[in-house]
Amino acid sequence: MKTIAEPQHILKEVFGYDDFRHNQKEIITHVLAGKDSVVLMPTGGGKSLCYQVPALCFDGVTIVVSPLIALMKDQVDALKASGVKAAFLNSSQNSSEQAIIFDQLKNSELKLLYVAPERLLGNETQFIQYLKLVNVSLFAIDEAHCISQWGHDFRPEYLVLGQLKEAFPTTPLIALTATADALTKNDIIEKLHFKTYEVFENSFNRPNIYYYVKPKSNYYNELVGYLREHKDDSGIIYCLSRAGTERLATDLKEDGFNAEAYHAGLERNLREERQDKFLKDDVKIIVATIAFGMGINKSNVRFVVHVDLPKNIEGYYQETGRAGRDGLHSEAVLFYGAGDVMKLKRFAEVEGNEAQTKIMLQKLDKMSKLCETKHCRRKYLLNYFGESAPDYCGSCDVCLTKPVLSDATVIAQKILSTVARVKESFGMRYIVDVLKGSNNEKMRAEHKGLSVFGIGKDTSKEEWMHYIKELLHYEYLQQSSGEYPVLKLTEKAKPVLFKGEKVYLSAPVQIVIAKEPVIYQQHPYEKELFDQLKQLRNKTAHEENVPAYIIFSDSTLMDLATYLPLSYGDLPKISGFGAFKIEKYGQQFLELIQDYCNEHNLSTQVHLKQPKREKKQGTSPIKERPSDTKRVTYELYQQGKTVDEIAEERNSSPWTIETHLCYYISKGALQLSALVSDYKQSLIKKAIELHGSNTLKTVKESLPPEISYGDIRMVIASLNAVAG
Ligand code: ADP
Ligand code: ZN
């Protein structure tokens with residue numbers, strides 16, 4: 001197998017990305033070594049690059065087997081928009097169109113060719129003979145679960161792919177799917193006759209999708225309210241019945257929304273037209289049965305709403321998974337009513353097949369349990385797919401509304417004994433000062449000698465305040481009335497202090513990081529410019545007659561609106577701007593940004609965006625937008641001040657100051673090692689590996705007490721910088 005380019009180079013030059021995601025790099029290395037692989041990655045994870053990059057590294061053509069015509073066209077359009085020679089062959093083309101492609105194949109003019117499975121082998125064996133004459137470097141089988149009867153989408157025509165290994169024994173094969181279960185995975189391996197191969201699995205978690213379940217009674221008003229709040233966004237609303245989609249679409253249109261119905265009962269032309277409009281953002285909301293979505297690659301679907309209960313979790317997860325492929329914040333909202341369960345139970349009856357009926361009912365039961373659970377919905381979903389997950393995700397309705405109580409005995413003991421040592425005569429702030437070992441003028445000399453003095457140095461003031469309020473709430477403490485309320489112990493406090501009785505409290509709300517898994521949301525961007533960029537993109541897309549996201553994804557536009565590149569030289573730093581797109585679209589997008597910056601008196605922020613490998617200590621002068629308070633913190637820090645000092649000076653909390661510093665760390669403008677020692681870093685990174693970064697509290701509790709929340713947040717920010 002001859003390679004003619006380096007993967008990293010292709011990633012940057014063609015696709016405009018700096019870093020591989022998940023295990024893309026490993027997978028690509030494996031493929032380039034000529035070996036077979038099975039790739040399990042959730043929707044939006046980035047499966048396509050796993051074969052598209054090798055396709056461009058290899059000398060020869062990569063054949064991609066894909067089940068859906070719509071998907072093929074979309075992928076080919078996207079590749080062409082990046083200057084890649086790609087084509088597809090399927091039944092939608094006439095013979096002269098097909099002849100052109102055969103010519104291109106023969107003349108080695110194609111790097112990727114998408115085909116339907118029946119086209120590849122099936123009855124038309126000439127095609128495979130033909131392929132033997134050209135230089136095929138790789139076979140990629142997309143949606144590989146279609147080969148398995150165990151999957152939810154079995155396609156008999158996929159079975160012919162079993163012949164590929166025999167026909168091309170030395171050509172590597174890569175099978176990709178977003179279906180996770182072991183049965184399907186093993187079936188893929190068996191049916192494709194893989195012998196030496198590797199399986200690459202990824203977590204199925206979709207951290208940028210927030211999950212919400214709402215009561216169904218009177219849902220229409222709530223839905224309308226929700227849609228009003230999301231009036232600029234694209235979304236899909238799923239209904240159970242065709243009539244239901246028509247009714248809801250009509251109602252929504254009457255209420256002024258840009259919505260259309262979609263179901264298998266509509267005429268083909270109409271279906272295609274509506275789908276096309278949705279892809280091009282001319283229709284914002286599609287109200288559909290589950291017939292809609294397969295093969296929809298639209299990356300900027302911001303919300304998926306289910307107004308009726310899905311039949312099983314597999315379907316629900318697949319449908320909600322259509323949101324947020326671009327990695328930006330997205331939402332899945334389900335309206336749940338017990339009536340739906342009764343209705344679906346009747347549908348689950350499979351006449352004369354008791355075993356099947358039983359399975360359907362079990363699946364339905366799991367689905368309604370998801371809606372009724374009092375625990376984290378993300379955890380429930382991931383557990384369902386055989387993956388473990390922390391108790392708290394911070395981004396589902398349960399986690400967001402119900403604080404999780406956890407063991408805070410040690411924290412409570414520190415607070416309660418401090419209250420006791422100062423003879424129950426001081427207020428909250430003073431207690432915190434004692435815990436933090438503060439040297440301010442209010443601190444009494446006799447208290448500086450207490451064993452509790454400074455016992456909580458590494459915990460922020462805000463956190464201590466939070467826990468004191470929790471202890472008040474759960475009545476371990478009470479506050480005297482009057483102008484200067486002081487804290488007093490209650491009866492409940494004694495067993496905690498003297499018998500080590502356990503105390504359970506909620507964590508501080510700072511799990512904010514988990515709530516905002518997507519780095520873009522943490523940074524200021526120019527909203528108005530973002531909207532203008534969207535308009536320009538849509539106009540360009542219309543001119544070229546392709547869906548808007550094929551020109552640029554929302555995250556690329558977000559990058560532009562955040563970093564404000566003003567010259568050609570800045571553009572390669574923007575994610576998603578490959579060489580071809582810079583050449584083709586660079587000028588018009590630059591002009592728009594230049595005009596905007598002139599008008600608003602803004603300077604470029606592109607120095608904050610440095611590719612990972614070149615990141616260095618940011619001593620460069622940083623010019624923030626005028627409104628930005630972060631900049632003040634940054635400057636004070638550069639003057640050598642500590643977090644606490646800056647907090648004091650700015651009359652702000654250390655927590656907030658740390659948030660500002662995290663921002664600059666995530667931008668690569670501040671070096672982590674200046675803030676967190678290497679030793680602490682290594683401990684924190686290990687803990688994050690073990691527990692994930694979504695539950696700050698779990699990470700914190702697994703670490704020695706001298707490691708503060710601030711330390712952990714900064715490490716996470718630096719990891720985001722690397723991943724970003
Ligand atoms: P999947 O096929 O797994 O559903 P895609 O291949 O369509 O996912 O990728 C989803 C999105 O993520 C696409 O917009 C793609 O361009 C983007 N993407 C993939 N890999 C990377 C990467 N390494 N860096 C940045 N964006 C990426
Ligand atoms: Zn949760």
The answer for GLY427, listing residues at least 5 apart or on another chain whose modeled amide H is closer than 5 Å to its amide H, is LEU487
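Counting only protein heavy atoms, what percent of the accessible surface of segment 209-398 is carbon or sulfur at a 1.4 Å probe?
Values: 4130 of 8470 Å².
So the carbon and sulfur contribution to the accessible surface is 49 percent.
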Name the shape class, rounded, prolate or oblate, that the alpha-carbon gyration tensor gives for segment 209-398, where a ≥ b ≥ c are the square roots of its eigenvalues, rounded holds for a/c under 1.5, and otherwise prolate holds if a/b is larger than b/c and oblate otherwise. oblate
What distance in nm separates the simple spin-label points at GLU635 and LEU472, each placed 7 Å from Cα in the Cβ direction? 3.6 nm
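Give me the percent of accessible area attributable to carbon and sulfur for segment 80-134, probe 1.4 angstrom. Could you put the intermediate results ahead of the total?
Working: 1350 of 2790 Å².
Here it works out to 48 percent.
What whole-number value in Å² describes the accessible area per residue of segment 144-302 for a 1.4 Å probe?
So segment 144-302 comes to 45 Å² accessible per residue, rounded to a whole number.
Rounded to the nearest whole Å², what accessible area per residue is found for segment 16-135 with the 1.4 Å probe?
38 Å²
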Which is farthest toward the positive dipole end of segment 521-608 among LEU608, PRO565, TYR549, measuring Cα position about the Cα centre, with Cβ charges +1 (Lys, Arg) and -1 (Asp, Glu)? TYR549
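Give the peptides 309-318, 476-485, 535-544 in descending order of average Cβ contacts within 10 Å, highest first. Intermediate values should be presented prior to the final figure.
On the way: 309-318: 20.7, 476-485: 13.0, 535-544: 15.8.
Highest mean packing first, the order is 309-318, 535-544, 476-485.
Once the piece of chain linking MET1 and LYS343 is laid out straight, how much longer is it, given 0.36 nm per residue of separation minus the C-alpha distance between them? Present the calculation step by step, with values, prior to reporting the outcome.
Values: separation 342, 0.36 × 342 = 123.12 nm, distance 5.64 nm.
Fully extending the segment from MET1 to LYS343 adds 117.5 nm.
I'd like the FRET efficiency for TYR504 and ASP282, computed as 1/(1 + (r/R0)^6) with the beta carbon distance as r and R0 of 45 Å, rounded to 0.05.
Details: r = 52 Å, r/R0 = 1.17.
My answer for the efficiency is 0.30.
Does the chain come out rounded, prolate or oblate by the C-alpha gyration tensor, with a ≥ b ≥ c the root eigenvalues, rounded set by a/c under 1.5 and, if not, prolate when a/b is larger than b/c and oblate if not? Let's see the in-between values first.
Details: a/c = 1.95, a/b = 1.57, b/c = 1.24.
Verdict is prolate for the chain.
Using a 1.4 Å probe and counting only protein heavy atoms, arrange LEU661, LEU497 so the residue with the most accessible area comes first. Mind showing how you got there, number by number?
Values: LEU661 0, LEU497 50 Å².
Descending order: LEU497, LEU661.
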Residue-span extension gain [GLN587 to HIS375] - 0.36 nm each, minus C-alpha spacing: 71.3 nm
Taking the simple approach of a point 7 Å from Cα along Cα-to-Cβ for both GLU491 and LYS165, what is their distance in nm? 7.3 nm
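Calculate, in nm to one decimal, what ILE359 and ALA420 gain on full extension: separation in residues at 0.36 nm each, minus their alpha carbon distance.
Details: separation 61, 0.36 × 61 = 21.96 nm, distance 5.98 nm.
Difference between extended and current length: 16.0 nm.
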So the FRET efficiency between THR196 and LYS539, C-beta based with R0 = 51 Å and rounded to 0.05, is 0.50
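The values are calculated or read from the model by the stated rules, or taken from the named source; none is laboratory data. Quick caveat: nothing in here was measured; it's all calculated off a predicted structure. We place every Cβ from the backbone using ideal geometry, glycine too, and count neighbours over all the protein chains shown. With ligands, DNA and RNA removed, areas are computed over all heavy atoms of the protein, side chains included. Shrake-Rupley method; radii C 1.70, N 1.55, O 1.52, S 1.80 Å.
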